[in-house]
1. For the ranges 235-247, 200-212, what's the packing order if you count other beta-carbon atoms within 10 Å of each residue, average per peptide, and put the highest first?
2. Using a 7 Å offset from the Cα along the Cα-to-Cβ direction at both residue 52 and residue 179, what is the distance between the two label points in nm, to one decimal?
3. In the range 108-265, what is the volume of the convex hull around the alpha carbon atoms, normalised per residue and reported in Å³?
4. In whole percent, what relative contact order does the range 35-146 give with Cα contacts below 8 Å and a gap of six or more residues?
5. Could you calculate the contour length gain from residue 220 to residue 110, that is, 0.36 nm times the residue separation minus the distance between their Cα atoms, to one decimal place in nm?
6. Rank-order 27-33, 101-107 by packing density, defined as the average count of other C-beta atoms within 10 Å over each peptide's residues, highest first.
7. Got a sec? Charge dipole of the chain, +1 on Cβ for Lys and Arg, -1 for Asp and Glu; which of 237, 131, 254 is way out at the positive end?
8. Of all the Cα-Cα pairs you can form in the range 37-77, what percent are over 14 Å apart?
Amino acid sequence: MTKTSILNPAIVRSYKKTSDAYTVFRGINEAQKSYSDGSDTSIINLAEQKASQDKNTSGITVALEDFSESFKSFHGEDHSNISAKDAKAGLFGNKDNIFSSDEGQEILEDGNVFQSDLFEQERAKHGGIQYSQDGLNLVESALAFAKADIEAIEKSADKAGRVRADGDLSYKDIITYTDLSGDSEYNDVTKSLDLDGNGKEISAEEYASYLLAADSIQQAEGSSTEVSFGQPDGIITSDEAYLVEKCDDEQLRAIAQQYYNRYFG
């Protein structure tokens, strides 16, 4: 796997209850949620087969992209989901979409698929969120995942009439998938995570930078209360997500800022 070097390793010296980065970025917090051994991974298996033919994409990225393309209706549920009919390619549909394939249609015949199903299967297969496969460019893979996740979030919110999709995460987007409340609180979150000078929205490039920072985090040797930063490897593990959840926002932001300045600034 292509390695990405940290510019200035840092030590995080303080923990708090939950960091803003953990709250906002599903590529991080979804890595820590529980899953059952032996859980179905059929969708992720299909997605990884397709991802192996593409440049710098992982299975979960492909799954999110193809879900967004297929999503047409909530089907009376509170969360976005797709049916076999939604994903049926038809005469002019995209037959490369994993949900339009024979295997995908068979999976959907057993019931509608939700975004949460994609993350659950990803955790079941990899024990976390694998945003980059072996041999791929970590930075480009992180950006591809960030774009796919933002699209999946915004398309759902757009269909619900709550936001207008623009490729960035605003407080109106964030309200649709977090427990935060109040305009002021949302604006504080976007400001606290700002890397590009636009504190009102979080871009895919900023998201990718935090993903790389989270993938770099590790427990400091000999300490139970400090973390350091090393080399990312393409997967956000449950342990890394836990450390991000508890670490100081400013210190994590400093590492993410280094990635942003180097690759996106």
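1. Details: 235-247: 20.9, 200-212: 24.4.
Sorting 235-247, 200-212 by mean packing, highest first, produces 200-212, 235-247.
2. A separation of 4.0 nm, rounded to one decimal place.
3. Numbers: hull volume 21.9 nm³, N = 158.
Convex hull volume per residue, Cα atoms: 138 Å³.
4. 36 percent
5. Fully extending the segment from residue 220 to residue 110 adds 35.0 nm.
6. Working: 27-33: 22.7, 101-107: 15.7.
The most tightly packed comes first, giving 27-33, 101-107.
7. After comparing all options, I get 254.
8. Details: 445 of 820 pairs.
Value for the range 37-77: 54 percent of Cα pairs lie more than 14 Å apart.
The values are calculated or read from the model by the stated rules, or taken from the named source; none is laboratory data. Treat the numbers as computed from the prediction; the structure is a model and nothing was measured. Note that each Cβ is placed from the backbone with ideal geometry, even for glycine, and that neighbours are counted across all protein chains shown. Accessible surface areas use protein heavy atoms only, side chains included; no ligands, DNA or RNA. Shrake-Rupley method; radii C 1.70, N 1.55, O 1.52, S 1.80 Å.
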